[in-house]
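Participant: Quick one: this structure, given as structure tokens, is what I'll be asking you about.
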Amino acid sequence: MELAERLAQYALSVEYGKLDQGTVTQMKARIIDAIGCAIGAFGENPVKIARKTVHSLRSDGSSTILGSTSGASPELATFVNGLMVRYFDFNDTYLSKEPAHPSDNLAPCLAVAEAEGSMGRDLIVATVVAYEIQCRLCDAADLRHRGWDHVNYGLVSSSLAASKLMRLSSREATHAVNIGLSGHIAMRQVRAGELSMWKGASFANAARNAVFAAMLARDGMTGPAPIFEGEMGFFKQVSGPFELNVEGFGGRRGKFKVNETYVKYWPAEYHAQSAIWAALDVRKKVNDMRKAESVLVETHEAGYAILGRGVEKWTPKTKESADHSLPFIVGSALLDGRIDNASYSEKKLSDPSKLRFIKKIRVVEDPGLTSMYPDRGMPNRVTVREPGGRITAAHVALPKGHPQNPMSKDDIEAKFLGLTRRYMSKKTAKDVLLRLWKLESVKDLSELLRLLRVSQGSNA
């Protein structure tokens with residue numbers, strides 16, 4: 001049986017009753033986290049651009065654009081909402097052979113669930129399925145070293161999550177994958193060099209295409225097969241060959257992967273999370289950070305390749321480049337004592353004193369740290385040398401939010417309240433939290449989404 005068909009059969013087989021309570025709780029926590037990220041990004045420029053474009057195409061539809069009174073078709077709502085979830089680089093992560101942000105799948109699940117009149121428990125199941133499929137694909141093969149973006153796996157996970165919510169047959173869901181993968185492969189250039197607004201839109205676009213693929217498949221469109229194993233298929237053109245034991249997936253012989261995903265405590269690329277904690281630890285022990293002679297950041301291979309290589313990392317011109325720059329992130333943590341969304345403002349990016357300090361920072365790969373990744377964490381070591389030769393160093397491998405050092409329910413709620421406070425009252429935000437923690441009991445998703453509309457007094 002072809003891999004696309006096996007994945008489709010798996011996706012359609014998962015039922016709410018097969019989910020253990022721990023998985024349901026973790027999934028709701030990820031949904032809360034992602035929605036908080038989305039509402040927090042409501043007024044950001046790329047999100048405004050996306051809303052404007054979508055409104056010019058169609059101003060009404062069956063799926064809500066988060067934070068607004070507007071609706072759109074499911075695939076267009078998926079794009080805007082997906083960009084909102086991803087823009088701050090604050091949503092969750094999964095690290096394996098290929099890194100990913102599984103909560104990027106929430107936008108298509110939410111848009112399709114609302115359009116189909118699904119209930120809260122249907123949304124939970126579909127999102128669990130999307131997490132499972134994307135994370136298992138990330139375990140199977142590395143795409144980034146072959147020049148392809150991780151969002152290509154989202155073409156599969158989002159296609160099948162949408163198919164499940166649309167109640168497609170196994171044949172139709174298989175063709176949704178075939179269509180989704182065949183014409184929408186994304187290049188890794190989106191995360192190379194000076195990063196653009198499209199960094200936050202790449203998965204949103206993949207998910208948009210995935211939803212449209214499922215809609216086409218429902219209406220009888222077929223796609224090229226076998227899409228993975230074929231003569232010019234995914235294995236030969238993109239990933240290289242790999243084996244995937246679908247029988248070992250969650251709900252069968254394995255545990256659901258959502259339980260192994262990572263929540264971000266800081267708004268920065270996940271490989272930098274431990275470096276931030278290490279920098280903050282060092283900062284407490286250094287007399288005058290601005291007088292430091294040098295800073296050494298030792299990291300693992302993924303941290304170096306993604307965050308520590310390239311001249312633009314020392315002089316980032318965009319928010320997207322800055323939140324993917326170990327020198328900028330560590331320098332900001334050392335100087336300011338925190339990392340938040342304001343850390344990437346134009347004023348901060350052009351601050352002469354900060355840029356002078358960042359020139360003191362050197363980033364290297366440490367083979368010993370690489371050997372720890374990812375099974376024993378994502379280790380980073382920060383060392384500051386002061387005048388007179390005094391050395392202060394800190395090493396962190398398991399940042400807060402890692403599955404082995406999880407954020408608590410209070411942490412998740414505090415993050416949500418912090419992200420949404422610009423756009424909704426504390427009372428409304430707490431009401432939303434209460435309903436999201438009881439998502440399995442929600443009958444009408446549209447009613448829940450109406451609570452997420454931003455305050456009319458906001459300037460977004």
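Participant: Give the stretch 331-381 a look and list any residue that's assigned to a helix (DSSP H, G or I), touching a Pro at 6+ places or on another chain (Cβ under 9 Å) and small (Gly, Ala, Ser), or say none.
Facilitator: Hits for the stretch 331-381 are Ser343, Gly368.
Participant: Of all residues in the stretch 382-404 being assigned to a strand (DSSP E or B) and among the aliphatic types (A, V, I, L, M), which is surrounded by the fewest Cβ atoms within 10 Å (Cβ to Cβ)?
Facilitator: Ile391
Participant: When you go through Ser371, Ser425 one by one, which is the residue that is surrounded by fewer than 20 Cβ atoms within 10 Å (Cβ to Cβ), assigned by TED's automatic domain parsing to the domain that holds Val286, over 19 Å from the mean Cα position of the chain (by Cα) and of a type outside the set (D, E, K, R)?
Facilitator: Sole residue among the options that is surrounded by fewer than 20 Cβ atoms within 10 Å (Cβ to Cβ), assigned by TED's automatic domain parsing to the domain that holds Val286, over 19 Å from the mean Cα position of the chain (by Cα) and of a type outside the set (D, E, K, R): Ser371.
Participant: Follow-up. What single numbered condition from (1) closer than 17 Å to Lys28 by Cα; (2) in a loop (DSSP other than H, G, I, E, B); (3) in contact with a strand residue (DSSP E or B) (Cβ under 8 Å, 6 or more places away or on another chain) fails to hold for Met407?
Facilitator: Checking Met407 against (1) closer than 17 Å to Lys28 by Cα; (2) in a loop (DSSP other than H, G, I, E, B); (3) in contact with a strand residue (DSSP E or B) (Cβ under 8 Å, 6 or more places away or on another chain), the one that fails is (3).
Participant: Still on this structure, please answer the following. Show the residue pairs meeting these rules: Cβ distance below 7 Å; 6+ apart or different chains; first residue within the stretch 404-425 and modelled with pLDDT of 95 or more; second residue among the aromatic types (Phe, Trp, Tyr).
Facilitator: Taking only residues 6 or more apart or on different chains, the pairs are Met407/Tyr265; Tyr423/Phe42.
Participant: Still on this structure, I have one more. Mind counting the residues in the stretch 158-187 that are of a type in the set (S, T, N, Q), over 14 Å from Phe212 (Cβ atoms) and part of a helix (DSSP H, G or I)?
Facilitator: 2
Participant: If you go through the stretch 319-326 one residue at a time, do you hit one that is modelled with pLDDT of 95 or more, of a type in the set (D, E, K, R) and outside any helix (DSSP H, G or I)?
Facilitator: Looking through the stretch 319-326, at least one residue is modelled with pLDDT of 95 or more, of a type in the set (D, E, K, R) and outside any helix (DSSP H, G or I).
Participant: If you go through the stretch 370-385 one residue at a time, do you hit one that is at positive phi and in contact (Cβ under 8 Å) with a residue 60 or more places away in the chain?
Facilitator: Within the stretch 370-385, one or more residues are at positive phi and in contact (Cβ under 8 Å) with a residue 60 or more places away in the chain.
Participant: Please give the number of the condition Gly251 fails out of (1) buried (at least 24 other Cβ atoms within 10 Å of the Cβ); (2) in contact with a helix residue (DSSP H, G or I) (Cβ under 7 Å, 6 or more places away or on another chain); (3) among the small types (Gly, Ala, Ser).
Facilitator: The single condition Gly251 does not satisfy is (1).
Participant: Taking the stretch 242-254, which residues are in contact (Cβ under 8 Å) with a residue 12 or more places away in the chain and at negative phi?
Facilitator: Phe242, Glu243, Leu244, Val246, Phe249, Gly250, Arg252
Participant: Please go through the stretch 115-157 and give me each residue that is in a helix (DSSP H, G or I), of a type in the set (Asp, Glu) and over 17 Å from the mean Cα position of the chain (by Cα), ordered by number.
Facilitator: Of everything in the stretch 115-157, just one residue is in a helix (DSSP H, G or I), of a type in the set (Asp, Glu) and over 17 Å from the mean Cα position of the chain (by Cα), namely Asp122.
Participant: Inside the stretch 236-280, can you point out the residues that are under 26 Å from Val24 (Cβ atoms), within 23 Å of the chain's Cα centre (by Cα) and assigned to a helix (DSSP H, G or I)?
Facilitator: Passing the criteria: Lys257, Val258, Asn259, Glu260, Tyr270, Gln273.
The values are calculated or read from the model by the stated rules, or taken from the named source; none is laboratory data. Remember, predicted model here, so these are calculated numbers, not experimental data. Cβ: placed from backbone, ideal geometry, glycine included. Neighbour counts: every protein chain shown.
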